[in-house]
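Asker: Take this structure, written in structure tokens, and hold onto it; I'll ask about it next.
The values are calculated or read from the model by the stated rules, or taken from the named source; none is laboratory data. In this text the structure is predicted, and so the values were computed from the model without any measurement. The area values use the complete protein model at the heavy-atom level, side chains included, leaving out ligands, DNA and RNA. Shrake-Rupley method; radii C 1.70, N 1.55, O 1.52, S 1.80 Å.
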Amino acid sequence: MPTNCAAAGCATTYNKHINISFHRFPLDPKRRKEWVRLVRRKNFVPGKHTFLCSKHFEASCFDLTGQTRRLKMDAVPTIFDFCTHIKSMKLKSRNILKKNSCTPTGPSILKSNITSQQVLLEHSYAFRNPMEAKKKIIKLEKEIASLRRKMKTCLQKERRATRRWIKATCLVKNLEANNVLPKGTAEHILPTALSSLPLEDFKILEQDQ
């Protein structure tokens, strides 16, 4: 029967009245090694009675089809509060320094006073866990797909507008050639780049379109 959680900084203990489950480290060597890596405890070797509580797993990691809450085969712990663990370690180290009044205040001690909040601010570009990185990648992929659809729509509108300009220019120049419209009408109602081209070029473009 589990008594407490093996995660650093986690004070959860077994209580049958609380809806928190405890899970053993997997027997598979690869999965077991991955769990140990994510726990981030120095020289940590889990034993037969070493457990992690359900607080350290995403909701998607659990199989709720049966009467008991079980972990899926590919579940890994990704939720840890390492900041709390770091703060508790710093408080202990400060108490030791206060007891020893002869300890010099050198650069190494100044470095130890850096808070976990400053570390997070300096490395704000980093993700807290793999699931957060995966969600960010999925979001960016959706944004890319949306931009591609918009770009495709804009290109289609551009092609349609180009066809309309070619047809309108060809019509005006035909009417000028048949003396239905006075000479120079195309120069007044069409852009310079279109009015300066000969009618034969527009006939070829219209056929291509």
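Asker: Using 0.36 nm per residue, how much length does the chain from K33 to A145 gain when fully extended, once their Cα-Cα distance is taken away?
Answerer: Roughly 36.6 nm would be gained on extension.
Asker: Residue separation times 0.36 nm, minus the C-alpha to C-alpha distance between H49 and T13: what's the value? Intermediate values should be presented prior to the final figure.
Answerer: Details: separation 36, 0.36 × 36 = 12.96 nm, distance 1.35 nm.
Roughly 11.6 nm would be gained on extension.
Asker: Give the carbon-plus-sulfur fraction of the accessible surface of the stretch 8-84 in %, rounded to a whole number; probe 1.4 Å, heavy atoms of protein chains only.
Answerer: Roughly 53 percent of what the probe reaches on the stretch 8-84 is carbon or sulfur.
Asker: Then there's this: Could you tell me the center-to-center distance, by alpha carbons, between the stretch 155-183 and the stretch 25-74 in angstrom?
Answerer: Here the two parts' Cα centres lie 71 Å apart.
Asker: Report, in listed order, any pair from K55/K135; K136/K157; K16/K72 with a Cα-Cα distance greater than 30 Å. Present the calculation step by step, with values, prior to reporting the outcome.
Answerer: Details: K55/K135 20 Å; K136/K157 32 Å; K16/K72 22 Å.
From the list (K55/K135; K136/K157; K16/K72), the Cα-Cα distance tops 30 Å for K136/K157.
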